[in-house]
1. Out of all the residues in region 2-46, which are on the phi > 0 side of the Ramachandran plot and in contact (Cβ under 8 Å) with a residue 40 or more places away in the chain?
2. How many residues are under 16 Å from VAL53 (Cα atoms) and charged (D, E, K, R) if we restrict to region 12-42?
Amino acid sequence: MAQAVKIWFDPEADFLEVTFSEAAGYLRETDHDAVMERVDAQGNVLGFSVLNVSQLAKEQPLYAQLMGNHVA
């Protein structure tokens, strides 16, 4: 089953956001300083954001572990 994903980049703020669901939620830290996950009250992952995108290493991918459950 296909799932819609919203991706938004703000070049002025150097901020990228990926949203899997528009449900109410809050941001919490991940194991990477530049990545925050957005989760609902049950801990389901609704999306994630990346700060300072332009400062990421261009030769290496960014790895972060999202701890919540994925919303299908």
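1. ASP14
2. So the count comes out to 5.
Values quoted throughout were computed directly from the atomic coordinates according to the rules given, and no laboratory measurement underlies them. Model, not experiment: these values are computed from the prediction. Heads up, the Cβs are rebuilt from the backbone with ideal geometry, glycines too, and the neighbour counts pull from every protein chain shown.
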